[in-house]
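**Student:** Provided herewith is a single structure, encoded as structure tokens, for subsequent inquiry.
The values are calculated or read from the model by the stated rules, or taken from the named source; none is laboratory data. Note that the coordinates shown come from a computational prediction; the quantities given were computed from them, not determined experimentally. Please note: Cβ atoms are built from the backbone with ideal geometry, for glycine as well, and neighbour counts cover all protein chains shown. The accessibility values were calculated without ligands, DNA or RNA, using every heavy atom of the protein model including side chains. Shrake-Rupley method; radii C 1.70, N 1.55, O 1.52, S 1.80 Å.
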Amino acid sequence: MTEKIQTPTPRDAFELLMAGNQRFVAGTPEHPNQDAARRTETAPSQKPFAVLFGCSDSRLAAEIIFDRGLGDLFVVRTAGHVAGTEVLGSIEFGAAVLHAPLVVVLGHDSCGAVAAACSALENGQTPGGFVRDVVERVTPSVLAARAAGRESAEEILAEHIEHTVDLLLERSRVLAERVADGRLGVVGLSYRLADGSAQLVAARGLDVAVPTAS
């Protein structure tokens, strides 16, 4: 099935994305834009409706958990969704060159990078190699959460997702300007591995209510 998507607003893009996640959770995916017709249509050019910056975890396959297809999502993934210059450049490309109206930061429970950062703070032991760099980039989020009295794994994860959202806008003038003039929304979602649901934890440039932690 090929689904035509016109030029969506940030709110339209967010609702489109979350509708796909609801189908995935319910076990009723439509698998849009995954046929030969869509393949032919998108071969000359792409116009994704969202940039998805998520953790590299093998259980977070973006097009599956949001029930999307070819040409829908511009996906950037790193362990612990840590953002270096290459990541920022890739996200800016999706938002400013491809004109995607939405950027999504996608984290998840049982994240190994977050767990490693917590462990490093508790016992002083950090991994070797370049994995150390990943853990060190997550550590400020863990420290900020604990300073605010947010000690549970869910709270620390939410802090890391929100910290990443703000980091993108602090470091990228391109993204910040597009949010300021209403062309871009940036949201943070927390994915639950067991039930497949994506919960909103942060929103910038988008008038959507962020649920309060219970």
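**Student:** Can you name every residue in the stretch 167-193 that is open to solvent by 40 Å² or more (accessible area, probe 1.4 Å) and touching a residue at least 24 places away in the same chain (Cβ under 8 Å)?
**Tutor:** Once the filter is applied, which keeps residues that are open to solvent by 40 Å² or more (accessible area, probe 1.4 Å) and touching a residue at least 24 places away in the same chain (Cβ under 8 Å), the stretch 167-193 yields Leu167, Arg171, Val174, Ala180, Gly182, Arg183, Arg192, Leu193.
**Student:** Looking at the stretch 33-55, can you tell me whether even one residue there is under 14 Å from the mean Cα position of the chain (by Cα) and among the polar types (S, T, N, Q)?
**Tutor:** No.
**Student:** Evaluate the stretch 141-149: report whether one residue or more is open to solvent by 30 Å² or more (accessible area, probe 1.4 Å) and part of a loop (DSSP other than H, G, I, E, B).
**Tutor:** For the stretch 141-149, residues open to solvent by 30 Å² or more (accessible area, probe 1.4 Å) and part of a loop (DSSP other than H, G, I, E, B): present.
**Student:** So is Arg137 of a type in the set (D, E, K, R), within 23 Å of Val179 (Cβ to Cβ) and modelled with pLDDT of 95 or more or not?
**Tutor:** Criteria not met by Arg137.
**Student:** Filter the stretch 10-29 down to the residues that are surrounded by 15 or more Cβ atoms within 10 Å (Cβ to Cβ) and part of a loop (DSSP other than H, G, I, E, B) and list them by number.
**Tutor:** Result: Pro29, single match.
**Student:** How many residues does the stretch 36-54 contain that are open to solvent by 10 Å² or more (accessible area, probe 1.4 Å) and either within 25 Å of Ala194 (Cα to Cα) or touching a Ser or Thr at 6+ places or on another chain (Cβ under 6 Å) (or both)?
**Tutor:** 2
**Student:** Here's something else I'd like to know. I'd like the full set of residues that are open to solvent by less than 40 Å² (accessible area, probe 1.4 Å), more than 20 Å from the chain's Cα centre (by Cα) and not small (Gly, Ala, Ser), limited to the stretch 96-126.
**Tutor:** Within the stretch 96-126, Cys118 is the sole residue that qualifies.
**Student:** Still on this structure, please answer the following. Out of all the residues in the stretch 194-204, which are assigned to a loop (DSSP other than H, G, I, E, B) and either among the hydroxyl-bearing types (Ser, Thr, Tyr) or crowded, with 22+ Cβ neighbours inside 10 Å (or both)?
**Tutor:** Within the stretch 194-204, Ser197 is the sole residue that qualifies.
Residue by residue, here is whether (1) closer than 18 Å to Thr78 by Cβ; (2) at pLDDT 90 or above; (3) of a type in the set (D, E, K, R) holds:
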site: Ala115; (1), (2), (3): yes, no, no
site: Ser119; (1), (2), (3): no, no, no
site: Thr126; (1), (2), (3): yes, no, no
site: Arg150; (1), (2), (3): no, no, yes
site: Arg171; (1), (2), (3): yes, yes, yes
site: Val179; (1), (2), (3): no, yes, no
site: Val201; (1), (2), (3): no, yes, no
site: Val210; (1), (2), (3): no, no, no
site: Ala213; (1), (2), (3): no, no, no
